[in-house]
Ligand code: ATP
């Protein structure tokens with residue numbers, strides 16, 4: 001069914017390469033929606049990042065959180081919070097703030113190698129479902145404060161938090177995804193050492209597996225998993241893991257599949273979703289037109305797919321598929337940004353994809 005509804009989408013450009021890759025993504029989404037006859041998006045730009053500190057006194061002002069609450073979903077560009085002035089540098093960063101505020105508990109990170117993109121792991125097509133709200137990331141797991149403290153100048157302590165509820169809701173996303181894909185889930189943990197925390201993570205995922213008898217399940221320690229990914233990424237379908245392991249594994253998987261610049265992600269709860277590239281703000285190449293917008297564009301396509309499922313809107317699912325196909329065809333044609341071995345600028349690459357959708 002096609003609803004012909006116009007969706008309100010928030011737009012947070014952020015820092016570094018954000019002001020380059022986010023506008024390129026908007027052009028592609030507009031072209032994709034037009035190509036399937038869907039209503040155009042009502043984009044709502046909102047302040048986030050270094051410019052929001054200067055203009056609004058916070059990298060993620062309350063007005064931005066209020067504005068996001070009245071959207072159907074949003075695109076979040078990267079932030080360079082390590083370069084913020086204090087006190088912002090020591091505080092929860094913009095994406096952590098937004099993920100926590102809206103309880104976006106599942107971070108869905110596909111890694112798929114495009115033929116012709118120079119991927120190390122040819123033929124890989126997997127998705128990492130990373131628990132997004134707790135685990136060993138100390139900035140995410142306390143009501144107030146960061147979960148890190150220093151009793152003396154020479155001793156630093158960080159805490160990790162694991163709850164059955166958070167593990168279970170994330171595992172359900174992973175198994176439902178596997179049902180719609182290759183029917184295989186790999187649980188990644190370190191239960192031989194972190195027995196209570198990641199041991200519970202493994203066990204609760206195994207319990208959820210019992211509701212999905214058609215899905216094959218295996219599990220690996222995080223260290224062994226890095227080896228398996230490098231050696232045989234093609235053998236994996238859905239990987240479910242805790243916050244920090246998922247952050248690290250998804251960078252590895254993204255790079256194996258071509259470049260960090262092609263690794264997308266969606267942060268989702270049951271009723272909200274945020275598209276966000278897996279990579280950071282890449283300050284080393286910011287402002288040079290060298291950034292690869294693929295990850296941001298694919299993240300936006302994931303958001304369209306998520307909206308399609310939530311609102312029963314087939315046109316958005318078709319638009320998402322059209323974006324994937326247009327990117328693959330553009331890359332196969334040899335239009336490549338420098339990280340993929342080509343010479344196209346961010347804008348040229350985005351326009352090539354949008355033009356293919358228009359044509
Ligand atoms: P964060 O901690 O914010 O995730 P990071 O330290 O992981 O950031 P990135 O900003 O992701 O670092 O950059 C890592 C490397 O990957 C840099 O050399 C950067 O130029 C490159 N890179 C990241 N994103 C892109 C992109 N979209 N296009 C091209 N190169 C990129």
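Values in this text are rule-based calculations from the coordinates and carry no lab data. Owing to the predicted nature of the structure, the values given are computational and were not obtained by experimental measurement. Cβ coordinates were reconstructed from backbone atoms using ideal geometry, including for glycine residues, and neighbour counts include every protein chain displayed.
Data table
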{"read-out": "Alpha carbon Rg of region 256-314, scaled by the compact-globule rule 2.2 N^0.38 Å", "value": "1.29"}
{"read-out": "Semi-axis lengths, Å, region 121-197, gyration tensor of Cα atoms, sqrt of 5 times eigenvalues", "value": "31, 15, 12"}
{"read-out": "Kirkwood estimate for region 153-220, i.e. one over the average of 1/r between Cα atoms, Å", "value": "12.9"}
{"read-out": "Approximate shape of the chain as ellipsoid semi-axes (Cα gyration tensor, √5λ), whole Å, largest first", "value": "30, 25, 21"}
{"read-out": "In nm, spacing of pseudo-spin labels at residue 42 and residue 56 (7 Å Cα→C-beta vector)", "value": "1.8"}
{"read-out": "Packing-based order for 73-85, 220-232, 152-164, using average beta carbon neighbours within 10 Å, highest first", "value": "73-85, 220-232, 152-164"}
{"read-out": "Centroid-to-centroid separation of region 309-347 and region 3-58 [C-alpha atoms, Å]", "value": "17"}
{"read-out": "Simple spin-label estimate for residue 192 and residue 122 in nanometres, 7 Å along Cα-Cβ", "value": "3.3"}
{"read-out": "Length-normalised contact order of the chain in % [C-alpha pairs under 8 Å, at least 6 apart]", "value": "24"}
{"read-out": "Sorted by Cβ neighbour density within 10 Å, fewest at the top, the residues 64, 241, 3", "value": "3, 64, 241"}
{"read-out": "Burial order of peptide ranges 100-113, 181-194 (average beta-carbon count within 10 Å, highest first)", "value": "100-113, 181-194"}
{"read-out": "Region 62-84 and region 145-195: distance between their alpha carbon centers, rounded to Å", "value": "24"}
{"read-out": "For the chain, calculated [θ]222 nm from helices alone, where every DSSP H run of n ≥ 4 adds -39500 (n - 2.57)", "value": "-13000 deg cm²/dmol"}
{"read-out": "Using a Förster distance of 51 Å, the FRET efficiency for residue 223-residue 6 (Cβ separation, nearest 0.05)", "value": "0.60"}
